[in-house]
Amino acid sequence: MGGTSSAPAEAEPLLSLSQVTKRFGSFTALSEVSIDLRPGEVHCILGENGAGKSTLCNVIFGVHRLDGGIMRYRGAPFHPAGPADALAQGIAMVHQHFSLVGDISVVDNVLLGRERGILNRRECARQLEKLAADYGLPLDPFARIDDLSVGERQRVEIVKCLIRDPQLFVLDEPTAVLLPDEIAALLDVCRRVAARGRAVVLVTHKLAEIKKVADRVSVLRGGRVVATSTEPANDIDALVRAMIQGSVETLDTSAASILGLETVKHVDHEPAKAKVEALQIDGLTVTDSQGVTRLDNFTLTVDCGEIVGVAGVEGNGQSELTAVLAGMMAPAGGRIYLGKTDLTGRTPKEITAAGVGIVPEDRHAVGCVVGMSLAENIYLNRLDEFTRFGFLRRTALEREAAVLMQRFDVRARGPGALFSSLSGGNQQKAVLAREITLPNLACLIAAQPTRGLDVGAVAAVYSHIRAACSRGVAILLVSSELDELLTVADRIVVLYRGRIMGSCAADPARREAIGAMMAGQPQ
Amino acid sequence: MTALNQESLLAFRPAVSLRPTLLVPVLAVAFAALIGLALIAMIGVSVPDAVAAFVDGTIGSPYALAASINRSVVFALVGFGFVLANRANLTNVGGEGQIAVGGIAATAVALYGHVSGLPLGLAFILPTIAAVIAGALWGAIAAVLKVKSGTNEVISTLLLSFIGVWLLYWCVQSTMLLRKPMTSSATLPESLEIPDETKLPLLTGDYSFPLHIGLPLTLVLALVVGVILSRTILGLRLRAVGLNPLAAKRAGISYARTVIFALSTAGALGGLAGALMLLGEQYTLKDGFSSGYGFDGLVAGLLSRGSIPGVIAASLLFGFMRSGGINMEMVAAVPTALVVVIQGLIVITLAGAALFIEKWERR
């Protein structure tokens, strides 16, 4: 359904980039990129992490200056001095991360940075309501941002842009945090904006979205445009090949499903022969410092050799669940058992010693110390094994770290490399390597283990998790990517506002039901 | 001095190339010294006289040389403590109070601990140990406050400094405590002089060159602290907690233990500095005992950017500056205030040099 807009392909480009190059130090983020953005079109930019998608957006939006090439906007050379300049000239952008002030209303957020002196809230609210009607973006103008769901906040970001009536509308991976039906609504907005003769740029790595809205696709890899298509729906295979520089057939099926290629159930581990309960969570309740219940009576059992997925939109208690299981937070009630061992309220050290591996959702905050070396990070929880009379046996540490690097394909200059010099995927592989190689691993709790990883790294993470599972490790996989859970997990429970909304087998046919539960509708 | 850009000064830099790193600080000090001389000329003091007095006060006599080094030793100990705690991202600004409580403990044990008859150097070792323990406890108070209730250690160590300094004042004011018995109304508010056995042995045994065993002790401690920071699991734990306390906790490293270790070790080094000052030089405890050395040591730690040789270099600089400054004031009548201004200038140019080097390396 790619060609529903009636924009003629030969329309003059609104913004044309020719031979655009952007370097950061010795690293070339964009290399001679030439792209034409035409009015009336939805132009999708496809690419893996690190391909240069966000850099491209930031160049257009005036955040970065060009190191080479030229941009022409409405026929004239275009050198935005900064985001404010780009905005003034009719370019608006929705960033990957929200930039909203939480404690004030929708109207005030929209007015921020637009008005000086006295605020005309009523006029603004009237405009918001008109936009809402035009684009199908229902919003309460006087609601407080903190009270809105993630999807509603996304809508505020979009409205903030649309109220300026931009000529060029850039969205940088806007769907990562949305529910399935919210994604559909967002794509619909893109179509409507394009139908009004505006140019829309949608950055994504999800092929399903491209199939739905794209008039034109440019694929970035390593900072270069490696493929373009004006009939994306027909060229999907070629586009994916261009994106990952390999064939679709060799792709791990679950990794492929993340891209929206296919959803074939992948079972390469034996279902547990005898059911042995490994992890038992009984009535776990967590309240935050304000006394709000974040996790409410959460009860779940994970058997040995079983992968249980926890689905849900982010912020529905997943962080609290993993923090409590990792010993980083004390529960208000309930108990946690590993086999017969009570792990409730134990310290992280004791939990690790009991054989629970934790891949935390926030790698940089909890998973690693980026200012230390790869070797120190990959054995961070077992450094004591590398000491003699209190002295660190650095040679032994680096030798053992090199073995793990090899096994888990962690690419770095060497075991002594600073952890912050590693790419996100390699950092994640290192954290996974540390947790999954615990000598007595009985249970692995992995939260958002593939977030921000490219396809190759995703496949590697899955294969290690599966391998652990087939050794009989109980695995709790917390993810906001439903496709990931559907392909990797055996069973899915859905978290909604801290409660288990329901559970079912991880069957792709149940996708709609699970989506509804994620939105809070019991099935 | 507290308004220095902490962020950039405290940044941990494991390896620094030699070229601009050595040259720039030397140029900075020379530049500040030139401005200082210009200022001296401006107020009408003869520059050659002032320079002569400065040189006299630093290396002009064996006595001056030894006094300068003894002073540097104190700065270095406080500086080592600062660097060690800073590895765990803790800023110990409490050197002054730690010196004070160290001085109190050393005086108390030397005077009233019945140690002067003990063999094997125990007469001065026991007061020193008492000072180390007192300093460690003083540092540990700030650590416990931080662990239990998250009190910022900059504030708690600074306030504990005031308490320590005033505690010392009380000790030398009250005959119930350490003040010497009042024989006349002119008796000064200070302690008795400590017995000769409890004084630190001099390296040469010659009172005209009063360099005491604090120097070799400090050099050994420099090595020990350096090895702890770079080679041991303790040093690694300090770094992990400093760089990412959450990840360190998850990996089973105790935040509480690490913080308490770091701050009490820093305090112990401050207490030791106090013991060296009392047992090695001053011999009587009096008001103003700590002389601001805790803050000079803190600045030495700051300027060293985490390196132990850096602490030694900065401490020597400040030690000689102080000695020369005092002599300039006494002999050449350069006002104290001007001496302090010149010291401040050197600190600022050095901090500027540090920023310059950082930018140079990032190019």
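Bear in mind that the values in this text are calculations on the coordinates, not laboratory data. Treat the numbers as computed from the prediction; the structure is a model and nothing was measured. Cβ coordinates were reconstructed from backbone atoms using ideal geometry, including for glycine residues, and neighbour counts include every protein chain displayed.
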List the lysines whose Cα lies under 25 Å from the Cα of residue B:199, skipping any in the same chain that are fewer than 8 positions away.
-> B:180, B:286
What average number of partner chain Cβ atoms lie no more than 10 Å from the Cβ of the residues making up A:361-372?
-> 5
Order these peptides, A:98-107, B:59-68, by their mean beta-carbon neighbour count within 10 angstrom, highest first.
-> B:59-68, A:98-107
Run down the lysines and flag those whose C-alpha is under 23 Å from the C-alpha of residue B:146, throwing out any fewer than 8 positions away in its chain.
-> A:349, B:249
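Order these peptides, A:117-124, B:296-303, by their mean beta-carbon neighbour count within 10 angstrom, highest first.
The packing order, highest mean first, is B:296-303, A:117-124.
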Distribution of pairwise C-alpha distances over the stretch A:367-437, 5 Å bins, in % | 3, 20, 34, 25, 13, 4, 1, 0
Other chains' Cβ within 10 Å of B:231-237 residues: what's the mean?
-> 6
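What's the magnitude of the charge dipole for the stretch A:367-437 around its Cα centre, counting Lys and Arg as +1 and Asp and Glu as -1 at the beta-carbon? Answer in Debye, nearest 20.
Roughly 160 debye for the stretch A:367-437.
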FRET efficiency (residue A:350, residue A:63; Cβ distance; R0 51 Å; to 0.05) is 0.65
With a ≥ b ≥ c from the Cα gyration tensor eigenvalues, square-rooted, and the rule rounded for a/c under 1.5, otherwise prolate when a/b > b/c and oblate otherwise, the stretch B:110-237 is oblate
Out of B:108, B:266, B:248, any idea which swings most in a Gaussian network model of chain B, alpha carbons joined below 10 Å?
-> B:248
Å³ per residue of the Cα convex hull, for the stretch A:276-403?
-> 148 Å³
Spin-label pair residue A:504/residue B:336, simplified geometry with 7 Å Cα→Cβ offset, distance in nm | 8.3 nm
Determine the shape class of chain B: with a ≥ b ≥ c the square roots of the Cα gyration tensor eigenvalues, call it rounded for a/c under 1.5, and otherwise prolate if a/b is greater than b/c, oblate otherwise.
-> oblate
Output field shielding_mean for A:343-353 (other chain Cβ, 10 Å radius) holds 2
Taking the Cα centre of the stretch A:333-392 as origin, sum charge times position over the Cβ atoms of Lys and Arg (+1) and Asp and Glu (-1), and report the length of that vector in debye to the nearest 20.
-> 180 debye
Out of B:189, B:234, B:213 - ranked by how far each Cα lies towards the positive end of the dipole of the stretch B:149-251, with unit charges on the beta-carbon of charged residues - the top one is B:234
Using the eigenvalues of the Cα gyration tensor, what equivalent ellipsoid semi-axes result for the protein assembly as shown when each is taken as the square root of five times the eigenvalue, whole Å, largest first?
-> 62, 35, 25
Hand me the trypsin sites (Lys or Arg not before Pro) from the stretch A:417-510 located in a DSSP loop with no more than 15 other Cβ atoms within 10 Å, in residue order please.
-> A:471, A:497
The stretch B:191-254 -> Rg/Rh from Cα coords, Kirkwood Rh, value 1.32
Computed FRET efficiency, Cβ-Cβ of residue A:130 and residue A:98, R0 35 Å: what is it to the nearest 0.05?
-> 0.90
Principal axes first, then extents: for the Cα atoms of the stretch B:47-138, list largest minus smallest coordinate on each axis, whole Å, largest first.
-> 50, 42, 19
Between Rg and the Kirkwood Rh of the stretch A:106-190, both from Cα atoms, what is the Rg to Rh ratio?
-> 0.95
Place a label point 7 angstrom from the Cα of residue B:220 along the Cα-to-Cβ direction, then list the residues of the stretch B:263-304 whose backbone nitrogen is under 18 Å away.
-> B:268-277, B:279-280
Rounded to the nearest 5, the percent of antiparallel DSSP beta bridges in the protein assembly as shown equals 55 percent
If a/c stays under 1.5 just call it rounded; otherwise compare a/b with b/c (prolate if a/b is bigger, oblate if not). Do that for the stretch A:344-389, with a ≥ b ≥ c from the square roots of the Cα gyration tensor eigenvalues.
-> oblate
In debye to the nearest 20, the charge dipole size for chain A, taken about the Cα centre with +1 at each Lys and Arg Cβ and -1 at each Asp and Glu Cβ, equals 900 debye
